[in-house]
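A quick write-up on the structure given underneath.
Values quoted throughout were computed directly from the atomic coordinates according to the rules given, and no laboratory measurement underlies them. The model shown is predicted, which means the values in this text are computed figures rather than measured ones. Cβ placement follows ideal geometry from the backbone for every residue including glycine, while neighbour counts extend to all protein chains displayed.
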Amino acid sequence: MIRLPIDPSLPHLLAAPILLPLATAALMLLIGEQRRRTKAVMNLVSTGFGLLLALGLLVWIDHVDKTAAFGVYLPGNWPVPFGIVLVLDRLSALMLVLTAIVASAVVVYATARWQHGGVYFHVLFQLQLMGLYGAFLTADLFNLFVFFEVLLAASYGLLLHGGGSARVRAGLHYIAINLVASLLLLIGVAAIYAVAGTLNMADIAHKLPLLPESDRGLLYAAATMLAVAFLAKAAAWPLNFWLPPAYAAASAPAAAMFAILTKVGIYAILRLWSLCFPNAPGALPPFGQEVLIWSGLATLGCGAIGMLASQTLGRFAGFSVIASSGTLLAAIGLAQTRLTGGALYYLASSTLAACALYLLVELIDRIREIAAIEEGFDDGGDDLRPFDTPALPEGSNLDDSEQVLTGRPLPAALAFLGLGFGTCALLIAGLPPLSGFVGKFTMLSVLVDGDLRAWALFAMLLISGLLATIGLIRAGMRHFWAGATRSSPRIHLFESLPLAFLLGICVLLTLRAETTLRYTQATARALHSPQLYVEAVLSARPVPPPRSSEPRVDQELPP
């Protein structure tokens, strides 16, 4: 049994990522509908505190123990497995930080203009954060379903934020597929409880090897329903038809935030399958790994072909999210420690790149819609507009169309967007030298020594990278090279900073690749040793009540 030095006050912080956005959303509802500037400040402050809290928890969990680290918190102080349990390990800490980074960038971006598109944007945003944080921290299968529904309910409102028939049509498909997936998830949870008599993930993993042979059919049926629900939420083929149109129709901040929603399905599959069906002596035979591998390869192929065929950047970004999910599903199915570590690094890089690309889509579209945007766009003053079109020098040589022939300056905003697009292209295609290449190279170096399934993933990673490169080059030529003019769009300071922040984190992942890979490899080793998680949760004990020095009423006082 591993005993970790835990500060008595630290376990209470495990509930803070859930309670902070919940309290913020409640306060926003109390202050009324019209005070949007106050809500924006509250959203910014709360999300910033959430980022600091997530970073603090990650640093703590990484330094407590170099082999396995867990923080277990019993909110109701009930003994395991009867009460709610929150668990922090390296995987959940990584997902918390990734969510907080994306949320911080998105909320700053939204303050420029999108917060005015609806009354409850900030409330829905905080509720979605609550659902995401709760899904990554909970150790109970039913509470995982509850947090899934919280984040999905908030996402329905955010998808429709801003109005418009395109969002309504895409939203109907999005809501319908998620409601069906949620129904399957609820039925699967009920079936698991009927088989195991518990919904605590660690307790389920402890009891499954002891199940009689007669109950295993129902267990596998329940696991299948859970897998279908999680695969639908992870946008696995053929259940991913809803994602490209829905995400492309959503507002830029909502779409960027949605890029991490598919990773919740990936997280759930990785967590449950590593606990319940590990490749370990005494455990149940592996179940569903082949399905994960081949569905992942099909999803990766679907995403790659979609990226090549996409005519708009919004749909291209959606198919890049699908390709990322396919890569992760296939890597999870192969169940190799080093491959899982590289996949987790790739998860962080691809998620940040997809979020940045969704923010870029709206800014790049302004190049072709400058006139319409400038008529109704309030930049908040010249001090919040970082890019201005430089004036042309007098006496410039003009061509027959009265355009500058030589010495024509490149607008700063266009140069910024071009640099951002080029960086996203390198990250998504997995080209050197950025973190997308590091993640793919780490996985490829492991797959070389594998079997036919590993070589299939090896080939698909290379092919998908090639197709993504072709699609990105074509999109870059259409938006930055083939344009007849070099008119500069107007970019708000609060729109440029989040984009630079996300891409800067990707550059930091590249510069600190060795440290990050050490963390992800340690995370993978803990995932492939599920007994550590089981022991940490089942050994948690409620806090005993404080002793009182006052005599009870039923006791006689001494003379």
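What the table below lists for this structure:
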item	result
Mean separation of Cα contacts under 8 Å (6+ apart) over length of the range 115-202, as relative contact order %	32
Ranking of 481, 114 by count of other Cβ atoms within 10 Å, fewest first	481, 114
Around residue 182: net Lys/Arg minus Asp/Glu count, Cβ-Cβ under 13 Å	0
Cα-based shape type of the range 13-111, given that a ≥ b ≥ c are square roots of the gyration tensor eigenvalues and the cut on a/c is 1.5	oblate
Chain lengthening between residue 337 and residue 508 when straightened (0.36 nm per residue, less Cα-Cα)	59.1 nm
Gain upon complete extension [residue 194, residue 412; 0.36 nm per residue less C-alpha separation]	72.2 nm
Inter-label distance, nm, simple model (7 Å from Cα along the C-beta direction), residue 168/residue 215	5.0
Highest-first arrangement of 155-161, 342-348, where packing means the average Cβ count within 10 Å	342-348, 155-161
